[in-house]
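Engineer: One structure is given below, represented as structure tokens, and several questions about it will come after.
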Amino acid sequence: MTADAAIADTHCPYCALQCAMRLTPQRDGARVDAREFPTNRGGLCKKGWTAAELLTRGDRLTAPLRRNGDRFEEIGWGEALDEVAGTLRALRRTHGADAVGVFGGGGLTNEKAYQLGKFARVALGTSRIDYNGRFCMSSAAAAGNRAFGIDRGLPFPVADLDEAHTVLLLGSNVAATMPPFIRHLSRARERGGLIVVDPRRSETARLTDEGGGIHVQPAPGTDLVLILGLIHIVIAEGLADEGYIAQRTVGFDALRVSANAWWPERVQQMTGVPVPLLRSVARRLAENGGTYILTGRGVEQHVDGTDTATAAINLALLLGLPGTPGNGYGTLTGQGNGQGGREHGQKCDQLPGYRKITDPAARAHVARVWGVPADSLPGPGVPALELLDLLGDEVHALLVHGSNVVVSAPDADSVAQRLGRLQLLVVCDFFLSETAQLADVVLPVTQWAEEEGTMTSLEGRVLRRRRALAAPAGARSELWIMSELARRLDAPGTWSTDPAEVFDELALASEGGPADYSGLSHELLDTGLTAHWPFPRGSRGTPRLFEERFAHDDGRARLVVVHPRRERSEPSGAADLTLITGRLLEHYQSGAQTRRVPELLAARPELTAQLHPATAVRLGVSDGDPIELRNTRGAVRARAEVTAGIRHDTVFLPFHYPGDARANLLTEGVTDPISAMPEFKRTRVSVHAASDTPVVETAVSR
Ligand SMILES: Nc1nc2c(c(=O)[nH]1)N[C@H]1C(S)=C(S)[C@@H](COP(=O)(O)OP(=O)(O)OC[C@H]3O[C@@H](n4cnc5c(=O)[nH]c(N)nc54)[C@H](O)[C@@H]3O)O[C@H]1N2
Ligand SMILES: Nc1nc2c(c(=O)[nH]1)N[C@H]1C(S)=C(S)[C@@H](COP(=O)(O)OP(=O)(O)OC[C@H]3O[C@@H](n4cnc5c(=O)[nH]c(N)nc54)[C@H](O)[C@@H]3O)O[C@H]1N2
Ligand code: SF4
Ligand SMILES: [Mo]
């Protein structure tokens with residue numbers, strides 16, 4: 001243990017549940033203990049338990065790297081920053097400020113996310129910033145903003161679910177993606193009220209086996225029709241809460257007319273879900289006693305993800321759930337700071353406090369805090385995938401903070417090619433991720449247990465991340481990197497490297513916006529205060545939104561009529577199966593972190609594809625066989641996992657693996673017209689037996 005180490009009460013580095021843990025520095029690294037906290041109730045998943053392993057790995061980056069042909073050479077910080085700043089200046093001079101792009105991440109602390117948005121607009125002067133949350137929460141956010149006038153994933157504390165009678169999970173596999181969360185579903189399970197909608201018999205769907213819950217298994221991508229069918233039944237059977245609708249919503253008449261078209265038999269034909277099952281789901285949701293509807297990426301990551309989430313909100317509003325004590329609607333935020341990461345200005349059209357960059361009053365307010373003229377701030381940029389599409393054409397340099405896009409973006413091969421056309425790719429990371437491997441300059445940064453900051457969890461609660469250990473010599477904080485680059489770029493304003501100071505500035509910048517943090521500071525959070533935003537100066541925070549009003553001016557929620565759009569036709573040829581993608585318990589996202597934890601890698605060493613036994617027989621493959629999945633965009637090698645838990649017409653791949661095991665070699669770069677969310681969950685593929693060659697080489701040594 002070094003003098004620079006101290007026991008720290010902090011939170012897990014991975015997902016939005018932000019399970020509480022205590023880190024105790026050891027001679028080599030740190031020990032993880034779970035802490036009692038409302039969201040995790042003293043529990044952690046395997047990823048949390050093993051999180052400290054990443055602090056001491058031998059392949060940790062400890063010096064800036066510069067590309068020299070096919071190799072990297074270590075260089076000093078001064079040289080690296082001079083070189084980056086010099087190239088950025090030159091590109092700006094030749095092509096204008098928008099020639100530089102910034103790609104952020106929902107894993108960054110609030111302080112880093114805030115500073116990155118400011119850095120882009122003030123130091124670089126570019127409009128072209130967006131982030132990986134576009135691939136995650138954008139559809140749910142767009143739907144929430146349109147219906148409620150505000151976007152906080154869960155507008156109530158997670159522990160409210162403990163008393164639920166019925167919980168409808170639409171496209172969410174919490175048993176694998178936030179295991180301690182299922183503690184909050186016990187009561188609903190005992191009461192036979194857990195309803196899971198997933199084309200797969202996921203770990204969460206299996207929880208419905210006992211106690212009489214319901215697993216609904218629609219054809220992938222038909223959730224919108226399914227929910228429209230439930231709305232039809234709720235209205236037709238008189239299950240809607242008319243008093244609530246009259247008092248708290250607008251738009252019911254048009255919604256009722258539009259729901260006529262979705263009679264149950266038609267919905268059965270389109271989704272494959274039997275009429276009696278549709279009716280029993282609708283009736284169960286309408287029973288008294290506490291009903292919650294929650295969405296996950298399974299229904300949101302589609303070209304119609306915003307409309308599907310909107311339909312889910314419509315259903316919840318018809319049943320009178322949002323804002324009614326003991327009931328509710330929400331979306332389950334994914335990344336560690338997936339909530340805070342979408343509030344402070346990493347989004348292309350956004351300023352801190354969840355303000356709009358097009359709103360003159362918001363520009364004036366934020367510009368004042370930043371000490372720059374409002375008209376010096378650029379306008380809105382473009383969403384993530386469009387930004388990646390511009391690389392090499394209009395955008396010639398990209399700074400990446402907290403994302404591994406060559407694994408996680410759709411149509412990943414074309415993304416890798418575009419990165420290759422840049423004049424400068426700078427990646428900040430603590431490991432040489434697959435994206436960092438393509439960089440011109442890699443800057444090594446501090447990680448979770450080595451830094452101070454705040455994260456905002458899935459329930460809109462602001463939490464302190466605390467430092468337990470010193471960072472390895474050579475790694476630097478991103479706040480420091482931004483301040484050094486800002487200085488070299490002669491940027492106006494102040495560029496603090498102290499997270500508490502940056503938080504104070506963030507609080508000021510957010511003041512008066514929807515996500516108002518102005519009453520908070522590190523100091524206050526350190527008292528153990530429970531802090532759900534909005535937390536304006538002088539307030540006590542807002543654990544439950546919507547009890548009295550929604551955030552639109554008239555205080556009412558909007559029922560927004562949505563229709564399935566015409567099926568897009570795709571040249572499919574032999575591609576007769578539908579690929580859906582998602583997650584495994586053991587790996588996190590692109591796997592850049594968890595593939596480096598030996599225990600997690602050993603549990604899930606290679607890509608497996610779930611196939612139905614009948615489909616396997618038809619294709620001549622057995623469990624464990626190497627297979628290849630193909631379509632017009634690419635080919636992926638995997639091992640067959642034959643399971644009756646998936647539909648005949650569907651195959652499932654996790655997206656955590658690199659190289660030719662990237663699920664995203666197959667996904668398509670089409671997006672939702674409202675949210676710009678890519679279609680991650682429905683792609684046509686064909687599946688073939690492959691020769692018995694090694695599937696992937698992901699073995700790592702320590
Ligand atoms: N272990 C682990 N945990 C994680 C993460 C991780 O990478 N690994 N990532 C975190 C992040 S960032 C996120 S966003 C969350 C995501 O958490 P989830 O939303 O729970 O994760 P997914 O596995 O992407 O999708 C959930 C389910 O959607 C189903 N699905 C696929 N297509 C469809 C469809 O068309 N309709 C319906 N109804 N369901 C469908 C899949 O079968 C899957 O079981 O997890 C967080 N937690
Ligand atoms: N096919 C398919 N693709 C998907 C999805 C899917 O369901 N299916 N889900 C999408 C979703 S929901 C998400 S959220 C994305 C996530 O995908 P990515 O954006 O690729 O997320 P990560 O793998 O978490 O990448 C984070 C990288 O940043 C590093 N990192 C972590 N913390 C920090 C930090 O504080 N600073 C810096 N500079 N680096 C840091 C990590 O080491 C890692 O290399 O993937 C999307 N892609
Ligand atoms: S559920 Fe999420 S926050 Fe909790 S230990 Fe696992 S990865 Fe960490
Ligand atoms: Mo996500």
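The values are calculated or read from the model by the stated rules, or taken from the named source; none is laboratory data. As the structure is a computational prediction, the values presented were derived from the model and not from experiment. Cβ placement follows ideal geometry from the backbone for every residue including glycine, while neighbour counts extend to all protein chains displayed. For the accessible areas, the whole protein counts, side chains as well, though only heavy atoms, and no ligand, DNA or RNA atoms are used. Shrake-Rupley method; radii C 1.70, N 1.55, O 1.52, S 1.80 Å.
Engineer: With each run of n ≥ 4 DSSP H residues scored as -39500 (n - 2.57), what mean residue ellipticity at 222 nm is computed for the chain after dividing by its residue count and rounding to the nearest 500 deg cm²/dmol?
Structural biologist: Values: 23 runs with 193 residues, N = 702.
Taken over the chain, the calculation gives -7500 deg cm²/dmol.
Engineer: Right, here's the next one. Could you look at the stretch 102-243 and say what percent of its accessible area is carbon and sulfur, using a 1.4 Å probe and all protein chains?
Structural biologist: Whole-percent figure for carbon plus sulfur exposure: 46.
Engineer: What is the calculated FRET efficiency for Thr24 to Ser186, with r their C-beta to C-beta distance and R₀ = 41 Å, to the nearest 0.05?
Structural biologist: Values: r = 30 Å, r/R0 = 0.74.
For Thr24 and Ser186, the calculated efficiency is 0.85.
Engineer: Where does each of 285-295, 338-348, 116-126 land if you order them by average Cβ count within 10 Å, highest first? Could you put the intermediate results ahead of the total?
Structural biologist: Working: 285-295: 21.3, 338-348: 29.6, 116-126: 25.3.
Going from most to least packed, we get 338-348, 116-126, 285-295.
Engineer: What does the accessible area of Thr494 come to, in Å² to the nearest 10, when a probe of 1.4 Å is used?
Structural biologist: Accessible area, nearest 10 Å²: 100 Å².
Engineer: Then there's this: Can you send over the carbon and sulfur percentage of the accessible area for the stretch 5-93, probe radius 1.4 Å, protein chains only?
Structural biologist: On the way: 1690 of 3850 Å².
C and S atoms contribute 44 percent here.
Engineer: Further question: Between Ala159 and Asp649, what is the label-to-label distance in nm when each label sits 7 Å out along the Cα-to-Cβ direction?
Structural biologist: 4.5 nm
Engineer: I'd like the carbon and sulfur percentage of the solvent accessible area for the stretch 536-621, probe radius 1.4 Å, heavy atoms only, ligands and nucleic acids excluded. Display every interim value, and only then the final one.
Structural biologist: Values: 2120 of 4360 Å².
Ligands and nucleic acids excluded, carbon and sulfur give 49 percent.
Engineer: Where a ≥ b ≥ c are the square roots of the eigenvalues of the C-alpha gyration tensor, would you call the stretch 334-409 rounded, which needs a/c under 1.5, or, failing that, prolate if a/b is larger than b/c, or oblate?
Structural biologist: On the way: a/c = 2.48, a/b = 1.46, b/c = 1.70.
Oblate shape, in that a/c is at least 1.5 and b/c is the bigger or equal ratio.
Engineer: I would also like to ask the following. When you count, for each residue, the other Cβ atoms within 10 Å and take the mean per peptide, how do 149-159, 195-205 rank with the highest first? Spell out each step's value before the answer.
Structural biologist: On the way: 149-159: 22.7, 195-205: 24.4.
In decreasing order of mean packing, 149-159, 195-205 become 195-205, 149-159.
Engineer: Label points 7 Å out from Cα along the Cβ direction at Arg266 and Asp82: separation in nm?
Structural biologist: Reported label-point gap for Arg266 and Asp82 is 7.0 nm.
Engineer: Let me ask something else about it. Report the net charge of residues surrounding Thr643, where surrounding means a beta-carbon distance below 13 angstrom and charges are Lys +1, Arg +1, Asp -1, Glu -1. Intermediate values should be presented prior to the final figure.
Structural biologist: Numbers: positive: Arg200, Arg201, Arg206, Arg639, Arg647; negative: Glu203, Asp623, Glu641.
Neighbour charge sum, excluding Thr643 itself: +2.
Engineer: Roughly how compact is the chain, stated as its Cα Rg over 2.2 N^0.38 Å to two decimals?
Structural biologist: On the way: Rg = 24.3 Å, N = 702, 2.2 N^0.38 = 26.5 Å.
So the Cα radius of gyration is 0.92 times the expected 2.2 N^0.38 Å.
Engineer: Rounded, prolate or oblate: which fits the stretch 293-341, taking a ≥ b ≥ c as square roots of the Cα gyration tensor eigenvalues, rounded meaning a/c under 1.5, else prolate when a/b beats b/c? Can you show the working numbers first?
Structural biologist: Numbers: a/c = 2.86, a/b = 1.28, b/c = 2.23.
Note, shape of the stretch 293-341 comes out oblate.
Engineer: Let me ask you something else. Dividing the convex hull volume of the Cα atoms of the stretch 115-228 by its residue count, what figure in Å³ per residue is obtained? Could the numbers behind the result be given before it?
Structural biologist: Working: hull volume 17.0 nm³, N = 114.
Roughly 149 Å³ of hull volume per residue.
Engineer: If you project the alpha carbons of the stretch 470-534 onto their three principal axes, what span does each projection cover, largest first, in Å?
Structural biologist: The principal-axis extents, from largest down, are 36, 31, 15 Å.
Engineer: If you don't mind, there's one more thing I want to ask. Along the Cα-to-C-beta direction of Gln437, a point sits 7 Å from the Cα; which residues of the stretch 56-93 have their amide N less than 20 Å from that point?
Structural biologist: The answer is 57-74.
Engineer: Still on this structure: More than 23 angstrom separation, counting every C-alpha pair in the stretch 384-488; what % is that? Could you put the intermediate results ahead of the total?
Structural biologist: Details: 2113 of 5460 pairs.
Here the long-distance tail beyond 23 Å is 39 percent of all Cα pairs in the stretch 384-488.
Engineer: Could you sort 140-147, 368-375 so that the peptide with the highest average Cβ count within 10 Å comes first and the rest follow in order?
Structural biologist: Ranked from most to least packed, the peptides come out as 140-147, 368-375.
Engineer: In Å², what does the accessible area per residue of the chain work out to with a 1.4 Å probe?
Structural biologist: On the way: 24090 Å² over 702 residues.
Accessible area per residue: 34 Å².
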